[in-house]
Amino acid sequence: MPTIVEVDRLTRRFGSRRGVTDISFDIAAGEVFGFLGPNGAGKSTTIRLLLGLYRANSGRTTVFGLDPVADSVEIHRRIGYLPGELALYPRLTGQRHLDGVARICALTDYVYRDELVERFDVELDTPVHTLSKGNRQKIGLVQAFMHKPELLILDEPTSGLDPLLQDEFVRLVRETADDGRTVFLSSHELDEVQRLVDRLAIIKDGRIVVTDTIEHLRRQAPRTIELHFDHHVDRHRFDGLSGVRLIDHTRGRITLSVTAPIGPLLRLIAELEPIDMTARAADLDELFLEYYRKDRDPEVVDAE
Ligand SMILES: Nc1ncnc2c1ncn2[C@@H]1O[C@H](COP(=O)(O)OP(=O)(O)O)[C@@H](O)[C@H]1O
Ligand SMILES: [Mg+2]
């Protein structure tokens, strides 16, 4: 699969404030790639670098193999972009906005646009300043998708959409990927990303802490095992096992978090003769929170 987006050791500072530091990732054609991180992590900054709206202090990025600043006209023609803070003209209607974009990207086939307007129940006839945030967001979505661009760059796309429309959005992204086109989307919500993407990068304090497939992350995610005993068991019996962490210990009950293959633990458990055991499936939330929690230095650029 050809590489559609390439980000190589990209750094952007804002005075003493951290934008993004030394980030790298690639997105292949047809992928749905997620960019997950809390507010202020650097998601929008990265997206603006990809769009040539910011220049990098160091590092390199290409979109379709092109340079975001030098080739911005060509890149913008081939992408659909939904900004994190959608700027619309307050007095114009949704219809006028869509017509404007249609002209810019020389749209000739309106069938797909009309289909999207219908599916998302977009309000086209009133000035956008009278619309709710969710209704404005829907206009932004149609603007981004209507010309079937090769690459969609969506900055927190479902913010303000009600749950029903979020489901519709999931379908839209899947169709786009099935069509061989590429989607890059940012979010601060794991649930949303989990539902949508094949692969993701987690960004925190301007640095990428992990890039992996959802599938593989899930396999690494901690499983919770709870053991019940009718006799006393020393909590330190589990100390030597790698990938096993004691998270709770009360009379008759021991709770463990397990990230390693389970064989050695099962042998030990058998020796301890519990009266019952329950195991809970891998929880991506816990893994994700662990990445979020791991403390880094405060928001000041490291001394160089
Ligand atoms: N235009 C800017 N001027 C100054 N600082 C900025 C600017 N844009 C981003 N930053 C800094 O970069 C950090 C990351 O911001 P942003 O990329 O908007 O985060 P996210 O989109 O993940 O919420 C912010 O904490 C802020 O300090
Ligand atoms: Mg943002």
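For segment 137-147, does any single residue satisfy the condition of being touching a Phe, Trp or Tyr at 6+ places or on another chain (Cβ under 6 Å) and not aliphatic (A, V, I, L, M)?
yes
Please determine, by comparing only the residues of segment 14-36 that are farther than 18 Å from D155 by Cβ, within 16 Å of ligand 1 (Cβ to nearest atom) and at pLDDT 95 or above, which one is least open to solvent (accessible area, probe 1.4 Å).
T21
Conditions first: (1) within 25 Å of I202 (Cβ to Cβ); (2) away from ligand 1 (no atom under 16 Å from the Cβ); (3) of a type in the set (A, V, I, L, M, F, W, C). V117 passes all but one, so which condition is the exception?
Among (1) within 25 Å of I202 (Cβ to Cβ); (2) away from ligand 1 (no atom under 16 Å from the Cβ); (3) of a type in the set (A, V, I, L, M, F, W, C), the lone unmet condition for V117 is (1).
Please work out which residue is most open to solvent (accessible area, probe 1.4 Å), limiting yourself to segment 188-220 and to residues that are farther than 17 Å from I23 by Cα and within 14 Å of ligand 1 (Cβ to nearest atom).
Among those that are farther than 17 Å from I23 by Cα and within 14 Å of ligand 1 (Cβ to nearest atom), it is E189.
Is one or more of the residues making up segment 70-80 under 21 Å from S186 (Cβ atoms) and of a type in the set (A, V, I, L, M, F, W, C)?
Yes, segment 70-80 contains at least one residue that is under 21 Å from S186 (Cβ atoms) and of a type in the set (A, V, I, L, M, F, W, C).
When you look at K133, is it in the same structural domain as L51 (by TED's automatic domain parsing), surrounded by 14 or more Cβ atoms within 10 Å (Cβ to Cβ) and not small (G, A, S), yes or no?
No: the conditions fail for K133.
Pairs, please: C-beta under 7 Å, at least 6 apart or cross-chain, first residue under 19 Å from D8 (Cβ atoms) and in segment 54-83, second aromatic (F, W, Y)?
Hits for this filter: I75/F64.
Filter segment 209-229 down to the residues that are modelled with pLDDT under 95 and assigned to a loop (DSSP other than H, G, I, E, B), then identify the one that is farthest from L272 (Cα to Cα).
A221
Can you tell me which residue is farthest from ligand 1 (Cβ to nearest atom) among those in segment 37-55 that are under 26 Å from V210 (Cβ atoms) and part of a loop (DSSP other than H, G, I, E, B)?
Among those residues, the one meeting the criterion is L51.
Scan segment 69-84 residue by residue and report those that are of a type in the set (A, V, I, L, M) and more than 16 Å from ligand 2 (Cβ to nearest atom).
Result: V69, A70, V73, I75, I79.
Table: residues versus (1) more than 16 Å from ligand 1 (Cβ to nearest atom); (2) surrounded by fewer than 22 Cβ atoms within 10 Å (Cβ to Cβ).
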site: V142; (1), (2): yes, no
site: E150; (1), (2): yes, yes
site: I153; (1), (2): no, no
site: Q166; (1), (2): yes, yes
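Restricting the search to segment 232-251, which residues are open to solvent by 30 Å² or more (accessible area, probe 1.4 Å), part of a loop (DSSP other than H, G, I, E, B) and closer than 17 Å to E271 by Cα?
H232, D234, D239, G240, L241
Taking segment 46-60 as the region of interest, how many residues are surrounded by fewer than 22 Cβ atoms within 10 Å (Cβ to Cβ) and of a type outside the set (G, A, S)?
7
With the structure loaded, tell me whether L107 is of a type outside the set (K, R), assigned by TED's automatic domain parsing to the domain that holds D178, more than 24 Å from the chain's Cα centre (by Cα) and open to solvent by less than 40 Å² (accessible area, probe 1.4 Å) or whether it fails that test.
In short, yes.
The values are calculated or read from the model by the stated rules, or taken from the named source; none is laboratory data. The model shown is predicted, which means the values in this text are computed figures rather than measured ones. A quick note on method: Cβ atoms are made from the backbone with ideal geometry, for glycine too, and the neighbour counts reach across all protein chains shown. These area figures cover heavy atoms from the full protein model, side chains too; ligands, DNA and RNA do not enter into them. Shrake-Rupley method; radii C 1.70, N 1.55, O 1.52, S 1.80 Å.
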